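Here the structure comes first, spelled out in structure tokens, and everything after it is commentary.
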Amino acid sequence: MSQYATFNVGERLFGLDILGVREIIRVFNITSVPRSEAHIRGLINLRGQIVTILDLSVRLGHAPLPVKDSSHIVILKHGANAAQSNGRNQGGTQDLMGLLVDAIGDVVEAEASRAEAPPANLTDAEERFLSGVLKTDAGLLVLLNVQELLSSG
Amino acid sequence: MSSFADESIISDFVAESREHLATIEPDLLRMEQEGAKVSSEVINRVFRAIHSIKGGAGFFAFEALKKLSHAMEGVLMQVRDGKLKVSAELMDVVFASLDRLKAMLDDIQASDTVPYAKELALLEAILNGQGLKVGETVKGHEKGGERDFDLDAESVRSALRRGMNLFRATAFLHKDIKDQGLTPLAFLNQALSVGICLYAFIDIEAVADLEHCLEQDLPVTLLFATVLEPELAALGLKLPAEQIKVLEVDALRKEVKAQAQAAAQPAVESSPVAQPEQPGPEPEAEAVVELPAEEKGPREAAKESGNETLRVRVDLLTNLMNLAGELVLGRNQLVRAITDYQQEIPGLGAILQNVNQVTTEMQEGIMQTRMQPIGTVFSRFPRIIRDMSRQLNKQIEVVIEGAEVELDKSIVEMLVDPLTHIIRNCADHAIETPAERKKARKDPSGTIHLHAFHEGGQINIAVHDDGRGIDAKKVLAKAVAKGLVTKAQAAEMTEREMVHLVFAPGFSMAEKVSEISGRGVGMDVVRTNVEKLGGHVEVETELGMGTTVRLRLPLTLAIIPSMIVGVADHRFAIPQVNVMEFVWVKASEVTQRIEQVQGALVLRLRDKLLPLVRLADVLGIQRIFHDPATGEPKADRRESLADRRGELPEVLAGATERDGDRRTDWRTDHNIIVLRVGKNHYGVIVDELFDIEEIVVKPLSGFIQGTKCFSGATILGDGRVIMILDGGGLASAANLHFTDLQAEEIRRAEEEKAHAALKASRRRSVILFEAAAGERFTVPQDHVLRLERISRDKVELIGDREYIEYRGEGLPLLRLDRHLAVRPLKADLEEFFLVIPKIPGQSSTARPPAGILISQILDALDVEVELKAVEFAGPGLLGSAVVQDHLTLFIDPVSLLKAAGLMGGVA
């Protein structure tokens, strides 16, 4: 059984293997970075470390997420980040990344092997960043392909 | 490779050996300088360093390293024992061998591939010259055992002569070394502190004898010589006594004994250990007494070099430094948050102060861990200069001052190349040959003075030589010849600018490429490197007296003072080293000072055109302005500074008035920061300027490196993350074309010149006068010979012509109204003035043809006017212009006189 941290972006419920999540924090002072790619939401100061924040919604080809009271940032783990980037992330392993999401859900347990291929009616962007779907008690859980998510371009 | 000798242990050995080599280099130089007078301590230190390298090399089975260091040790031993004199030739060999050792250590696993035969042969030749046979071995017999070991004869002889005993110590890798928390290397060093190691190796033979070699601990065998008796040696090595076996070398003992007896006796008497007739393993009791004498050397050496170090990974320190910075921020927040409760909680103030103090000290301490003395770079120069001066047949001395000044490690490392280049330049080009120096009445030996010191929060490094100096004219000629500057540019250069041409890319002074320098990749690389570090380099020179190259560097790269600027609600940091100046253009002056050239904004700054970029536009930030009425921020949609929306009809009603206010409101003043990128400057328009803050640079994430405009990010004191602007990136993002502007500047300068010339041509010195009341005239001053005052009764009438007696002759008078369409003079004037014109080509003493009657002289002045044609133009009128707010007619007296027919005798 794997455990998934779940969160909402728009209508969808997404999941990440909880071992790849470093922590989840509330949104505060995001410094936007002019001239950066659209899906780079900006930078935050996480106890002295600068974390780059991705807007998951933009990454998936939708409008930027508005910041609401329920918004959170899912900080991804260093190791997971480094291991999955396979050198494609030119910034090296020191980069901390966070995902801006609409709301945080429960941690759900599910059998990773029961994940199904993502549905066919996806946009190109979605197809690239989603790795599968899992049926859980909490509903249909969309699994993210972190490696692609963090690769540039 | 022995299985236990894993990478980390070997890298320890390499690092330690490098340290040894680095420390002995100055000692070797001293040996060479002081010759026979050099203290034995220095020689000992060198000897021990090489010895310990040899020991380690044998231990890890690095054959080449062992052989070479062994031969060096042999030579040094001869020097130490006073059998060999230090000479430059000898030192050449030693230094060359030293370099080989360094090369071997650079890639230890491939150390056997480093060619060293030449050096080895030279060393052996020296030893052979001493009647020594290299590689001569003797058998050492293990007392009470069956095994014999091959020992280097010369080392054994030397050891015996000094009254040492030979032992074989066996240490078990796990039991005696690893379980004691030691590495094999540390163990070896421990052994070296009590004696001399002749050979160290893993005793494979001993293992192979055993059936269960896997269960058996690996024995490490150490053949070493010491003055200690076996029990004490065992203690010193922290080994059980039964693992120390005495080795007997009978043949050599006898030989040494014979020598010792032949030699002066007192030595033997005072040092009973040198008496070899007692063959047993029992060292004499006195040996212990002598121990302090023997051990004094190393202990003092340890005190002298005194920097016991611990190797720490740099990234660990960097991390610590970041955490310390964070702690400082946390402390600040904490202090802010609980200051209010100081009254309520007794003792809180003291606690806060304590935390405050400790935090600051800790941060400073951690910063210091990354600091390295500049001496680590400086120390390599005496050697380089020594080699070069021998090569060039020059005498050069190196004086080092301020070697203890500390800089961030990364800066120190990046300084190596630039400084080496400067030093080489000094030796190769600047310092003259002894003959030349004598001719110039200088000390035949030149000096290169390296001086590092703190100044104004920066580190200054000055490299001064007392050589021939830089000939600015020659530099300029070279630069022109190479096409680095145009003749026109050259004409306007100051001497200082000429000298600084040595920093131009591709510049080289050398007539021909030498082995040492002259390849033309020189000082520009120095400058580039130094500027990359946020530093600055300049040259001062005096012909014939010498040159000083000055480097100014920040203390650390990690913390840089930066100017914080604001655009809309964004904040950015600009490193202060890039900021040249700050220009404030008042809203009311914008039109005069800011204009557009080829679609780009430029600022006129001291006759230069400074390209401007608007930070908001380059970064794609929505500009805002503050409504002067309400103070509310609003989106600014103006396309350019020259754009005046308020004058355009499509703007909403009421906007005109508001815009009018805006242009004079202080909030629309322009803050321009002038940045330097290489040798180009440009201005960045920002909305607001904040403080200068010391910021800690954090590298950018890979995701935003593509933007180019930023060199990093930082966290401000209030915890906010901001980006650090990169001057060069910003300029290229804004598509600034400095060359276009330069062309424009030149064009303008020429236009200005032409304009000035034109202005000069329009400039006239005139005499302003009145004829009829209110009618003003001028005549050019250079057409006036004299002005005279006359009274009416002097005027005589002949026919209708008026005359006056002037210097004994009759001078005809001319009234303007007779010839021009102007009003006549008032009839009742008692007094007139006369303008006596000067006729070109006539001497001032000649009789003037006529005088012009006027009523009043108003002024003599310079005017700059453009004459306009006059409708009622008559002869003698040049035109009209407004002078002193009145329309004034400009008169040409000569043609006027001609028209009046008064030029008769003159024409």
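From the list A:G15, A:G61, A:G42, A:G48, which one is in contact with a Ser or Thr (Cβ under 6 Å, 6 or more places away or on another chain) and over 28 Å from A:K135 (Cβ atoms)?
Answer to the selection: A:G42.
Filtering region A:129-152 to residues that are open to solvent by 60 Å² or more (accessible area, probe 1.4 Å) and either within 14 Å of chain B (Cβ to nearest Cβ) or in contact with a helix residue (DSSP H, G or I) (Cβ under 7 Å, 6 or more places away or on another chain) (or both) leaves only A:Q147.
Determine, yes or no, whether B:M371 is more than 30 Å from B:L90 (Cβ to Cβ) and of a type outside the set (K, R). So that I can check it myself, show each step before the final result.
Details: more than 30 Å from B:L90 (Cβ to Cβ): yes; of a type outside the set (K, R): yes.
Yes; evaluated as a whole, the condition is true for this residue.
How many residues are modelled with pLDDT of 75 or more and touching a helix residue (DSSP H, G or I) at 6+ places or on another chain (Cβ under 8 Å) when one looks only at region B:620-638?
The number of residues fulfilling the criteria is 2.
Conditions tested, residue by residue: (1) within 15 Å of the chain's Cα centre (by Cα); (2) on the phi > 0 side of the Ramachandran plot; (3) not β-branched (V, I, T).
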| residue | (1), (2), (3) |
| --- | --- |
| A:S2 | no, no, yes |
| A:N8 | yes, no, yes |
| A:L13 | yes, no, yes |
| A:R22 | yes, no, yes |
| A:I30 | no, no, no |
| A:S36 | no, no, yes |
| A:R41 | yes, no, yes |
| A:L46 | no, no, yes |
| A:L54 | yes, no, yes |
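For B:V328, are the conditions met, namely being assigned to a helix (DSSP H, G or I), at pLDDT below 80 and aliphatic (A, V, I, L, M)?
Spelling it out, B:V328 is indeed assigned to a helix (DSSP H, G or I), at pLDDT below 80 and aliphatic (A, V, I, L, M).
Residues in region B:860-885 that are over 18 Å from B:S765 (Cβ atoms), open to solvent by 70 Å² or more (accessible area, probe 1.4 Å) and assigned to a strand (DSSP E or B): B:K868 alone.
For region B:153-183, which residues satisfy the criterion of being closer than 21 Å to B:E242 by Cβ and assigned to a helix (DSSP H, G or I)? If the condition is that a residue be closer than 21 Å to B:E242 by Cβ and assigned to a helix (DSSP H, G or I), then B:L173, B:H174, B:K175, B:D176, B:I177, B:K178, B:D179, B:Q180 are the ones that fit.
For (1) in contact with a Phe, Trp or Tyr (Cβ under 8 Å, 6 or more places away or on another chain); (2) at pLDDT 80 or above; (3) over 17 Å from B:L185 (Cα atoms); (4) crowded, with 24+ Cβ neighbours inside 10 Å, each residue gets a yes or a no:
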| site | (1), (2), (3), (4) |
| --- | --- |
| B:S39 | no, no, yes, no |
| B:I43 | no, yes, yes, no |
| B:F47 | no, yes, yes, no |
| B:A57 | no, yes, no, yes |
| B:A61 | yes, no, no, no |
| B:L65 | no, yes, no, yes |
| B:M72 | no, yes, yes, yes |
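Going by the conditions given, is B:R380 among the charged types (D, E, K, R) and over 19 Å from the mean Cα position of the chain (by Cα)? When the stated conditions are applied, B:R380 does not pass them.
Output the number of the condition that B:Q705 fails; it satisfies all remaining conditions of (1) more than 13 Å from chain A (Cβ to nearest Cβ); (2) modelled with pLDDT under 75; (3) open to solvent by 70 Å² or more (accessible area, probe 1.4 Å). So the condition that B:Q705 fails would be (1). Of the residues making up region B:365-372, not a single one is in contact with a Gly (Cβ under 8 Å, 6 or more places away or on another chain), modelled with pLDDT under 80 and surrounded by 15 or more Cβ atoms within 10 Å (Cβ to Cβ).
Taking the listed residues B:R823, B:R807, B:R801, the one that is open to solvent by 80 Å² or more (accessible area, probe 1.4 Å), in the same structural domain as B:I839 (by TED's automatic domain parsing), at positive phi and free of Cβ contacts under 8 Å to residues at least 60 places away in the same chain is B:R807, with no other qualifying. Annotation note: of A:S2, A:S36, the sole residue that is more than 10 Å from chain B (Cβ to nearest Cβ), open to solvent by less than 50 Å² (accessible area, probe 1.4 Å) and of a type outside the set (F, W, Y) is A:S2.
The condition (being surrounded by 15 or more Cβ atoms within 10 Å (Cβ to Cβ), of a type in the set (S, T, Y) and modelled with pLDDT of 80 or more) is satisfied by just one residue among B:S87, B:S2, B:S52: B:S52.
Checking each residue in region A:54-98 for being under 18 Å from A:Q147 (Cβ atoms), modelled with pLDDT of 85 or more and surrounded by fewer than 14 Cβ atoms within 10 Å (Cβ to Cβ) picks out no residue at all. Scan region B:122-144 and give yes if some residue there is among the basic types (K, R) and modelled with pLDDT of 80 or more, otherwise no. No, because not a single residue in region B:122-144 is among the basic types (K, R) and modelled with pLDDT of 80 or more.
When you scan region B:537-574, how many residues do you find that are assigned to a strand (DSSP E or B) and either within 30 Å of B:M498 (Cβ to Cβ) or of a type in the set (V, I, T) (or both)?
Let us first name the residues in region B:537-574 that are assigned to a strand (DSSP E or B), namely B:537-542, B:546-554, B:559-567, B:570-574.
Going one step further and asking which of them are either within 30 Å of B:M498 (Cβ to Cβ) or of a type in the set (V, I, T) (or both), we end up with B:537-542, B:546-554, B:559-560, B:564-565, B:567, B:574.
Total meeting the criteria: 21.
Residue under question is B:V779, and the condition is that it be more than 14 Å from chain A (Cβ to nearest Cβ), touching a strand residue (DSSP E or B) at 6+ places or on another chain (Cβ under 6 Å) and crowded, with 16+ Cβ neighbours inside 10 Å; does it hold? So B:V779 fits the description; yes. Residues that are within 10 Å of another protein chain (Cβ to nearest Cβ) and of a type in the set (V, I, T) within region B:319-339 comprise just one, B:V328.
What tally of residues in region A:109-128 results from selecting those that are out of contact with any strand residue (DSSP E or B) (no Cβ under 6 Å at 6 or more places or on another chain) and open to solvent by less than 50 Å² (accessible area, probe 1.4 Å)? Matching residues across region A:109-128 total 3.
Condition check ((1) farther than 22 Å from B:G879 by Cβ; (2) of a type outside the set (S, T, Y); (3) in contact with a strand residue (DSSP E or B) (Cβ under 6 Å, 6 or more places away or on another chain)) across all residues:
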| position | (1), (2), (3) |
| --- | --- |
| B:E775 | no, yes, no |
| B:I790 | yes, yes, yes |
| B:Y803 | yes, no, yes |
| B:L811 | yes, yes, yes |
| B:L814 | no, yes, yes |
| B:A821 | no, yes, no |
| B:L825 | yes, yes, no |
| B:D828 | yes, yes, no |
| B:F832 | yes, yes, yes |
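The criterion of being at pLDDT 75 or above, crowded, with 16+ Cβ neighbours inside 10 Å and of a type in the set (S, T, Y) does not hold for B:T183.
Here's the yes/no breakdown for (1) touching a Pro at 6+ places or on another chain (Cβ under 8 Å); (2) polar (S, T, N, Q); (3) within 16 Å of B:C197 (Cβ to Cβ):
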site: B:A57; (1), (2), (3): no, no, yes
site: B:A61; (1), (2), (3): no, no, yes
site: B:K66; (1), (2), (3): no, no, yes
site: B:H70; (1), (2), (3): no, no, yes
site: B:G74; (1), (2), (3): no, no, yes
site: B:M77; (1), (2), (3): no, no, yes
site: B:D81; (1), (2), (3): no, no, no
site: B:S87; (1), (2), (3): no, yes, no
site: B:S97; (1), (2), (3): no, yes, no
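Restricted to region B:588-619, and to residues there that are modelled with pLDDT of 75 or more and touching an Asp or Glu at 6+ places or on another chain (Cβ under 7 Å), the residue that is most open to solvent (accessible area, probe 1.4 Å) is B:K608.
The values are calculated or read from the model by the stated rules, or taken from the named source; none is laboratory data. Note that the structure is predicted; figures quoted are calculated from it, not measured. Glycine gets a Cβ as well: all are built from the backbone with ideal geometry, and neighbour counts include every protein chain shown. Ligands, DNA and RNA are excluded from the accessible area calculation, which covers all protein heavy atoms including side chains. Shrake-Rupley method; radii C 1.70, N 1.55, O 1.52, S 1.80 Å.
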